[in-house]
Amino acid sequence: MAGTSNDNLRNSMRNSGWPEASPATERMPERLTERSGAGGHAAGRRWPTHVRVGAALAAGAVPVALGAWLAPWWPVAWGAQSLWPTLAAVSAGVTYATLRKTLLQPLSAVALRTGLLADPDAASASQSRDQVALLGQQMSQAHERLRMLEGALEAGHSELRRLAMADQLTGLPNRRLFGELFDHARATALRQRHPMALLYIDLDHFKQVNDTLGHPAGDELLLCISQRLRDAVRESDLLCRLGGDEFAVLLTPVAGVELLAQAALRLIHAVEVPVPLGQQGASASVSASVGIACFPRDGDTLELLLQRADQAMYQAKAAGRSRFSIYRPNTTDEDTSTPLSGDMRLHWQPVIDTRTGQAVSAEALMRWQHPREGLLPPARFLGKVEAAGDMPKLGRQTLDEACAQMARWKASHHSPAQVSVNVSASQLRDPGWAQALDESLRKHGLLAGELAVELTESSLMEDAETVMPQIDAMHTLGVSLMVDDFGTGPMSLARLQQLRPTRLKIDASFVQRLPGDPRALAMIDGIVRLARSLDIGVVAEGVETAAQRDALHGLGCHHQQGYLFGAPRAPLDEPDWPVGPSINKASNRPIAH
C-alpha cells in the first residue's frame, strides 16, 4: 500500500511537471559520503562558512515556499480531514524533490569543489607544491635572463658607441669623436682665453709601403706610428686618425711659436724612425709632413682649421717633405686668382727610348704660376678647381694648349712623334669633351697618333657607362689611350681588351724598388710580357737612377720616363732632348701617320 502510495505520488509529481533527479544527482550524496569518509565529516571537518550560511538560508526559504504552494489547499484540508494524510504525503514529496533539485544538488557540487580546494589529498598537495616551486624557479631564471639581456644590451650600446667614435685599426678617436672633443676644448679655450693649435699630419710615401709590402704591412705600420704619436704628445693634447695615412693633433694650450715648432719636430722625428714589420727582417721607413693652423687666429671651427692646416701641410710637402709649415693668412684660399685667369702653363717631360737615347714622346704636365706663391703643381690647385666646378673648362684649355704646342714643334721640325695629356674622370663626364677634342685636333692640324690621352687605371674603372662612349669617340678620332699608374688598380684582362690602350705606364712605386726587390722585378716582367702578348707598348715612370734604367732595359722595358732623363720644364722652340721616330708598340713598329 505504501509502495502504491509512493508510486502514485511519484506519478502525480511527474504529471505536475516536477523534474526527476538524474542518476548522477542521486549518486552525489554517496560521493559526498565517500568524500567525508576519506577525511571529511568522519575526520570532524566543518563545512566552510559560506556553505553553511547558504544552506541555512535555503532551509529557511523552503518552508515559506512550501506554505505558499499549499496555501490554496488548506481550506479544503480543514473541511475534509480525511485528505490530511494525502496532503502530508504530497507535501513531503514536494519538499524532498524541491530540496534535491534546488538545494542538495548545488550544495553537493559546491561542497565537493570547496573540499577539494580546501583540503586536497597529500599527492595533490605535493604536486601543487612542486608546480609552484617549478614556476618560481622558471620566474627566477626568466629574471636572470632579463638581467643578462639588459647587461648585454648595455654592453652592445657601449660597443656601438665605441665603434662609432673610434678608429677600428688604431683605437684612436675618429673624426666624429675628435669633433666633439674639439667643441669641449674650444669652450675651455674661449673661457680661459688661451690659444690652441691644430697639426695636420700626413705620412710621406705611405702608398709605396702598401704597394710593395701589401696592405697588412701597411696596417702594421699605421699601428706602430699611431703608438709613437701617442707617446709624443702631452696628456692634455688630443690625437685622432682622420683616415688613411692622415692624423691630427690638437695642442692645448699653446704657449708660443717656439713650443709649437718643438711639438711638430717631435712628431716628425717619431715617425721617421724605421718600423720593423712582421715579415722576415722587413722594415719600412716613412716620413711626415705637418701643417699647422692656430686657434682662433686662423679659424674658430674645426672644419676651417683642418682646411687651413691641410693647406699648410701641402706647403711642407712642396718644400721637400719631412718638415712642418705654419699656415699663413691671405694665401691661396683667400684670393680670387685661379689657373683659368691665364696663369696656367704646361711643362713637358720626355719619354726616352733607352736603345737610341731619343725622345719618342713627351707628357704635358700642368703648372700654375701663382701671383704670390710661385709655380704650383697640380696637387696644390686641382682640388680648388674641382670644388669650383671648373675642371671641364680647365681640361679643355689644357688640351688645346697641348695641341698648339705640338703644332709649333712640328712647324720647327723638332717635334716628338707624339704628345700626351692627362685627363681626369670628371673631364670624361663632360658631355662636350669629345667634341672639344675634335675641334682642337682640327684647329691645330694634328694627325692620327700624334696625340695620346693618359687616364689612370682607377679612373678607367669608374662609371664605365659614361667613360666607354668617350673612349670610343677618342679612338674614332685617332687619339691613343695610355693607362697611367698601371699595376695599382683592379683592372681585369677583359676590361683591358675592351679599352684597347696603346701603352701601359708602369707605376713609379714599382720602379723605385729596383733593382734589389725580386718581387718588383717579377711584377714588371709580368707586365711587360702581358703587354707584348697583347701588342701593347710599355713605359716605365719615375726612373731616377742608372741602376733602375738598366734593370728595366734588361726586362725589355725600353721606353722610360723620369728625372734621370730630364725634369718637367717649360717648352722650348727647340727641345734640348733629342727627338726621333716613336716606337709605339712592343713590336717596335713606328706609329702610322
- Message: With a 1.4 Å probe and all protein chains kept in place, how do ARG529, ARG503 rank by accessible area, largest first?
- Response: ARG529, ARG503
- Note on the structure: Rounded to the angstrom and largest first, Cα extents along the principal axes for region 343-586 equal 45, 41, 36
- Task: Could you check the simple spin-label distance between ALA255 and HIS205, using points 7 Å along Cα→Cβ, in nm with one decimal?
- Result: 3.5
- Query: Leaving out ligands, DNA and RNA but keeping every protein chain, what accessible area does PHE324 have, in Å² rounded to the nearest 10, with a 1.4 Å probe?
  - Reply: 60
- Message: Taking amide H atoms as placed 1.01 Å from N in the peptide plane, list the residues 5 or more away in sequence, or in a different chain, whose amide H sits under 5 Å from that of LEU447.
- Response: none
- Query: Local charge sum around MET482 (other residues, Cβ-Cβ under 10 Å, Lys/Arg +1, Asp/Glu -1)?
  - Reply: -1
- On the formula 1/(1 + (r/R0)^6), with r taken between the Cβ atoms of LEU564 and SER533 and R0 of 25 Å, the FRET efficiency rounded to 0.05 is 0.30
- Task: Extending each Cα 7 Å along its Cβ direction at ARG175 and ALA152, get the distance between those two points in nm, one decimal.
- Result: 3.5
- Message: Using a Förster radius of 51 Å, what is the FRET efficiency between GLN141 and MET165 based on their Cβ-Cβ separation? Nearest 0.05, please.
- Response: 0.90
- Query: Which whole-Hz ³J(HN,Hα) couplings does region 561-567 yield from phi under the Karplus relation 6.51 cos²θ - 1.76 cosθ + 1.60, θ = phi - 60°, glycine and proline marked x?
  - Reply: 9, x, 5, 4, 9, x, 7
- Task: Would you mind getting me the FRET efficiency between GLN498 and SER283? Use the beta-carbon distance for r and R0 = 51 Å, nearest 0.05.
- Result: 0.80
- Message: Net charge around VAL271, counting only other residues with Cβ within less than 13 Å of its Cβ (Lys, Arg = +1; Asp, Glu = -1)?
- Response: -1
- Message: Less than 15 Å Cβ to Cβ from THR354, Lys/Arg counted +1 and Asp/Glu -1: what total charge do the surrounding residues give?
- Response: -2
- Can you list, largest first and rounded to whole Å, the semi-axes you get for region 361-443 by taking the square root of 5 times each eigenvalue of its Cα gyration tensor? 23, 18, 10
- Note on the structure: region 175-326: Kirkwood hydrodynamic radius (Cα pairs, Å) comes out at 15.7
- Percent of accessible area on region 433-501 owned by carbon and sulfur, 1.4 Å probe? 50
- Message: What figure, in Å² to the nearest 10, do you get for the accessible area of THR488 with a 1.4 Å probe and non-protein molecules left out?
- Response: 60
- Task: Starting from the Cα of GLU574, move 7 Å in the Cα-to-Cβ direction to define the label point; list residues of region 386-416 whose amide nitrogen is under 20 Å from there.
- Result: 405-416
- Query: Taking the Cα-to-Cβ direction at ALA133 and at GLU465 and moving 7 Å from each Cα, how far apart do the two end points lie in nm?
  - Reply: 7.2
- Query: Length gain on complete extension for the stretch HIS414 to ASP438, per 0.36 nm per residue less the alpha carbon to alpha carbon distance?
  - Reply: 6.2 nm
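The values are calculated or read from the model by the stated rules, or taken from the named source; none is laboratory data. Note that this is a predicted model, so its numbers are computed, not measured. In this analysis, Cβ positions are derived from the backbone assuming ideal geometry, glycine residues included, and neighbour counts consider all displayed protein chains. Calculation scope for accessible area: heavy atoms of the full protein, side chains included, ligands and nucleic acids excluded. Shrake-Rupley method; radii C 1.70, N 1.55, O 1.52, S 1.80 Å.
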